[in-house]
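Student: If you scroll down you'll find the structure; I have some questions about it.
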Amino acid sequence: MNHLVIDTDPGVDDAHAILMALASPEAEVVALTTVAGNVNLDLATRNAHIIVGVAQKEVPIYRGCEDALVVPTARRAISHGTDGLGEIDFAGSIPAASTEHAALALIRLASEAPGELTLVALGPLTNVALATRLDPQLPQKYRRLIIMGGAVYAQGNSWERTSEFNFYCDPEAAAIVFSRWPQLTLIPWETALRHALTADQVEALLQIPSPRAEFFRQTIRNRMARNPSGQKTLTEPDPLAMAVALDPQIVTRAEHLHVEIELAGNFTRGQCVVDWSGLMQRPANTQIILEVDQKRFFNLMQQALR
Ligand code: BDR
Ligand code: CA
């Protein structure tokens, strides 16, 4: 059994990733921890509750950091709608989140089950970095850390052109995590672009007759309508990272390399800097996922929505 803690800023694709984890018969979602990223912390936490409700599961949800560790995030996302879930129709009530802070929960949960939990980080790394500062032994207490983030070829998707959005939001947090965790797995933005769901795959998911597929439809309808020239493909970075967490065999090409995060730079703050040639002779701290089996990824998406 794969025991997962998911740190998240939901977020349309976060929502799909969480549904994927909750639908897996081989996984147990131990907790969700929320962080400001795509939307503010209140919305992120509210959305986490909505997603768990859609899946008809009960999972503890811990609120985390409401902004970046050092420099407040200048701009949040626009592609997830004002509510962070693509303007879904939701009129239900939201239960209160647990009172323990997310960073403390990340430490406590791993300390209670050392070496057993996989941490999947789908948003800015603020909570993970804070927890790492509070407990420097944290990297040894988790089985794996899997991060969706970074643009390894500098093809960014944020207001800083060479930075991926999660690292753009909190570069200092990303820098702490990459300098303190000796071995982590990274699913970068360019890999998500390479593995966008095809138009046929999106259509097949929309045809699934289930409440989860209806939720999926609502979350993507505005985004699909805005796509240039009627393009019907869908880039799903967080589900791709979750697929790697749930099914490590899905990976077909990866590189182990040294990665650092740019904190200065006139145009490159938050850039994920990869030592592709090993020039610095530093130990590889990151498994960079470059390609996966697209069919297996699609199968996990189907399983998430059935
Ligand atoms: C990442 O940024 C967010 O908008 C998504 O939820 C994903 O985690 C992709 O760059
Ligand atoms: Ca996210």
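Student: Name the single residue, out of those in region 144-159 being in contact (Cβ under 8 Å) with a residue 60 or more places away in the chain and open to solvent by 50 Å² or more (accessible area, probe 1.4 Å), that is nearest to ligand 2 (Cβ to nearest atom).
Tutor: Only one residue tops the list, namely 159.
Student: Ok, one more. Scan region 176-203 for residues that are in a loop (DSSP other than H, G, I, E, B), open to solvent by 30 Å² or more (accessible area, probe 1.4 Å) and more than 20 Å from residue 135 (Cβ to Cβ) and jot them down.
Tutor: Once the filter is applied, which keeps residues that are in a loop (DSSP other than H, G, I, E, B), open to solvent by 30 Å² or more (accessible area, probe 1.4 Å) and more than 20 Å from residue 135 (Cβ to Cβ), region 176-203 yields only 198.
Student: Counting only residues that are under 16 Å from residue 7 (Cα atoms) and within 12 Å of ligand 2 (Cβ to nearest atom), which one in region 160-182 is nearest to the chain's Cα centre (by Cα)?
Tutor: 166
Student: I would also like to ask the following. Test of understanding: among 94, 88, which residue is away from ligand 2 (no atom under 16 Å from the Cβ), part of a loop (DSSP other than H, G, I, E, B), open to solvent by less than 50 Å² (accessible area, probe 1.4 Å) and out of contact with any Cys (no Cβ under 7 Å at 6 or more places or on another chain)?
Tutor: Matching residue, one of 94, 88: 88.
Student: Six or more apart or on different chains, Cβ atoms under 7 Å: show the pairs whose first residue is in region 2-24 and within 13 Å of ligand 2 (Cβ to nearest atom) and whose second is in a helix (DSSP H, G or I) and of a type in the set (Ser, Thr, Tyr).
Tutor: Close Cβ pairs satisfying both conditions: 12/219; 15/219.
Student: Please give the number of the condition residue 52 fails out of (1) touching a strand residue (DSSP E or B) at 6+ places or on another chain (Cβ under 8 Å); (2) open to solvent by 20 Å² or more (accessible area, probe 1.4 Å); (3) without any contact (Cβ under 8 Å) to a residue 40 or more places away in the chain.
Tutor: (2)
Student: Can you tell me how many residues within region 109-141 are assigned to a helix (DSSP H, G or I), of a type in the set (S, T, N, Q) and open to solvent by less than 10 Å² (accessible area, probe 1.4 Å)? Step through it out loud before you land on a result.
Tutor: Initial filter on region 109-141 (assigned to a helix (DSSP H, G or I)): 109-112, 126-134, 138-141.
After this cut, where a residue has to be of a type in the set (S, T, N, Q) as well, the list is 111, 126-127, 132, 140.
The next check asks that each one be open to solvent by less than 10 Å² (accessible area, probe 1.4 Å); those that pass are 126-127, 132.
Final tally of qualifying residues: 3.
Residues checked against (1) modelled with pLDDT under 95; (2) among the hydroxyl-bearing types (Ser, Thr, Tyr); (3) open to solvent by less than 10 Å² (accessible area, probe 1.4 Å):
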{"residue": "235", "(1), (2), (3)": "no, yes, no"}
{"residue": "240", "(1), (2), (3)": "no, no, yes"}
{"residue": "249", "(1), (2), (3)": "no, no, no"}
{"residue": "252", "(1), (2), (3)": "no, yes, no"}
{"residue": "257", "(1), (2), (3)": "no, no, no"}
{"residue": "262", "(1), (2), (3)": "no, no, no"}
{"residue": "268", "(1), (2), (3)": "no, yes, no"}
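Student: Does at least one position in region 156-163 carry a residue that is at positive phi and either modelled with pLDDT under 95 or among the hydrophobic types (A, V, I, L, M, F, W, C) (or both)?
Tutor: Looking for residues that are at positive phi and either modelled with pLDDT under 95 or among the hydrophobic types (A, V, I, L, M, F, W, C) (or both), one finds none in region 156-163, hence no.
Student: I'm told residue 124 meets every condition in (1) in contact with an Asp or Glu (Cβ under 7 Å, 6 or more places away or on another chain); (2) over 19 Å from residue 38 (Cβ atoms) except one. Can you identify the failing condition by its number?
Tutor: (2)
Student: Just name the residue that is surrounded by the most Cβ atoms within 10 Å (Cβ to Cβ) out of those in region 270-280 that are of a type outside the set (A, V, I, L, M, F, W, C) and more than 16 Å from ligand 1 (Cβ to nearest atom). It would help to see each step written out before you state the result.
Tutor: Let us first name the residues in region 270-280 that are of a type outside the set (A, V, I, L, M, F, W, C), namely 270-271, 275, 277-278.
Applying the additional criterion that residues be more than 16 Å from ligand 1 (Cβ to nearest atom) yields 275, 277-278.
Details: 275: 16, 277: 7, 278: 10.
That would be 275.
Student: Given the criterion farther than 22 Å from residue 100 by Cα, open to solvent by less than 20 Å² (accessible area, probe 1.4 Å) and either more than 16 Å from ligand 2 (Cβ to nearest atom) or charged (D, E, K, R) (or both), identify the matching residue among 27, 74.
Tutor: 27
Student: Of all residues in region 160-174, which are more than 9 Å from ligand 1 (Cβ to nearest atom), part of a helix (DSSP H, G or I) and open to solvent by 20 Å² or more (accessible area, probe 1.4 Å)?
Tutor: 172
The values are calculated or read from the model by the stated rules, or taken from the named source; none is laboratory data. All of these numbers come straight from a predicted model, not from anything done at the bench. Here the Cβ is made from the backbone with ideal geometry for all residues, glycine too, and neighbour counts use every protein chain on show. Side chains included, ligands, DNA and RNA excluded: accessible areas come from the protein's heavy atoms. Shrake-Rupley method; radii C 1.70, N 1.55, O 1.52, S 1.80 Å.
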